[in-house]
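Report on the structure given below.
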Amino acid sequence: MLQPIVVTANEADEVAATRRLQLRLPSDVACIEDAVALVERHSFDGDAPTRTRFRLQVALAEALANAILRGNRADPGKAVTVECVTAAGAVRVTVTDEGDGFDPSQVPDPCAPERVLRAHGRGLFIIRHMVDAVDFNDRGNAICMTWRRQ
């Protein structure tokens, strides 16, 4: 049986002008579309350009697919956590899996001639081109993506 997405949100913090949303989802790619929609609705109040929304949708979907398929290896006993912090100047989304992690600096360049025709291996490349900033934790099982609110 498919586990539901667990949602935790706080009311807007008037002093810090931030909102937080946390999702916990099963390692099932069927949850990606709903998770992306929840984060997008939380992040923007209709004030974001279509291009920014698209960039968030694509990068978040890629990060979730990587976390589910690569990090957690689609193990139904493992979950993926998404934390979204929305502030006046930026939206920051962190995706964390329960896998062993990896070293992002060791990911091969998908544009290298010997890799161009491969069916996989472009997720991080796409993410890096869809966000304003990207960071990884030391363990390599969490990616933090930031979009400036324009």
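Overview of values
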{"read-out": "Meets criteria (modelled with pLDDT of 85 or more, among the charged types (D, E, K, R) and under 17 Å from the mean Cα position of the chain (by Cα)) for residue 122", "value": "no"}
{"read-out": "Positions within segment 29-68 being without any contact (Cβ under 8 Å) to a residue 60 or more places away in the chain, surrounded by 16 or more Cβ atoms within 10 Å (Cβ to Cβ) and not in a helix (DSSP H, G or I), in sequence order", "value": "44"}
{"read-out": "Yes/no for residue 138 being free of Cβ contacts under 8 Å to residues at least 12 places away in the same chain and over 16 Å from the mean Cα position of the chain (by Cα)", "value": "yes"}
{"read-out": "Residue that is farthest from the chain's Cα centre (by Cα) [pool: residues in segment 82-98 that are under 16 Å from residue 63 (Cα atoms) and among the hydroxyl-bearing types (Ser, Thr, Tyr)]", "value": "96"}
{"read-out": "All positions within segment 48-77 that are touching a strand residue (DSSP E or B) at 6+ places or on another chain (Cβ under 8 Å) and among the basic types (Lys, Arg)", "value": "55"}
{"read-out": "Failed criterion for residue 115 (all others in (1) at pLDDT 95 or above; (2) in a loop (DSSP other than H, G, I, E, B) hold)", "value": "(1)"}
{"read-out": "Some residue of segment 12-20 being part of a strand (DSSP E or B), among the basic types (Lys, Arg), at pLDDT 95 or above and closer than 19 Å to residue 145 by Cα", "value": "no"}
{"read-out": "Selected residue [surrounded by fewer than 21 Cβ atoms within 10 Å (Cβ to Cβ), part of a strand (DSSP E or B) and not aromatic (Phe, Trp, Tyr)] from 95, 80, 134", "value": "134"}
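The values are calculated or read from the model by the stated rules, or taken from the named source; none is laboratory data. Bear in mind the structure is a predicted one, so any value in this text is a computation, not a measurement. All Cβ positions, even for glycine, are placed from backbone atoms using ideal geometry, and neighbour counts span all protein chains on display.
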